[in-house]
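Let me begin by presenting the structure, written as structure tokens, before commenting on it.
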Amino acid sequence: MVLSIPLSDSTERLLRQKADDAGVDVATYAAGQLEAIATARPTFDEIAAPIARAFAESGMTEEELVLFLDEEIHAMRREKRSQKLS
């Protein structure tokens, strides 16, 4: 794939300098950086963001959350035990 990306003069200079420092041409350096971004695993904060947002919007206190999660864990364990007995 070939991309044409407009860059400011200062960004182009920085990109060229980083490519020179890495000992590669600008296209190779830029492609490597874009590939690293595209294939990067999401961070924990990125994964947890929707959950944190939902918690904040719920109005639930941290204590209520702990109690809720504890109840859910116990319910899940009861369900697993009942499935093993079946």
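Each reported figure results from applying straightforward, stated rules to the coordinates on display, with no laboratory input. What you see is a predicted model; the values in this text were computed from it and never measured. Reconstructed Cβ throughout: ideal geometry from the backbone, glycine too, with neighbour counts over all protein chains shown.
Among residues other than LEU85 whose Cβ falls under 14 Å from its Cβ, what is the net charge (Lys/Arg +1, Asp/Glu -1)? Don't skip to the end; give the middle numbers.
Numbers: positive: ARG77, ARG78, LYS80, ARG81, LYS84; negative: GLU79.
So the surrounding residues net to +4.
Residues of region 5-21 with the amide nitrogen closer than 16 Å to a label point 7 Å from the Cα of ALA27, along Cα-to-Cβ, please.
Taking a point 7 Å out along Cα→Cβ of ALA27, the residues of region 5-21 whose backbone N falls under 16 Å are 5-6, 16, 19-20.
If R₀ is 30 angstrom, what is the calculated FRET efficiency for the pair GLU72 and PHE44, using the beta carbon separation as r and rounding to 0.05? Display every interim value, and only then the final one.
Values: r = 21 Å, r/R0 = 0.69.
Calculated value: 0.90.
Give the separation of the Cα centroids, region 6-23 to region 41-86, in Å.
If we compute the Cα centre of each part, the gap is 46 Å.
Calculate the spin-label point distance for ASP20 paired with LEU34, positioning each point 7 Å from the Cα along the beta-carbon direction, and give it in nanometres.
2.3
log10 I(q)/I(0), Debye, Cα-only the chain, no solvent, q = 0.19 Å⁻¹?
At q = 0.19 Å⁻¹ the computed log10 ratios are -0.97.
Among ALA75, PRO42, VAL2, flag the residue with its Cα farthest along the positive direction of the charge dipole of the chain, charges on Cβ as +1 for Lys/Arg and -1 for Asp/Glu.
ALA75
Placing unit charges on C-beta atoms (Lys and Arg positive, Asp and Glu negative, everything else neutral), compute the dipole magnitude of the chain about its Cα centre in debye, rounded to 20.
Working: 10 positive and 16 negative charges, 106 e Å.
Value, rounded to 20: 500 debye.
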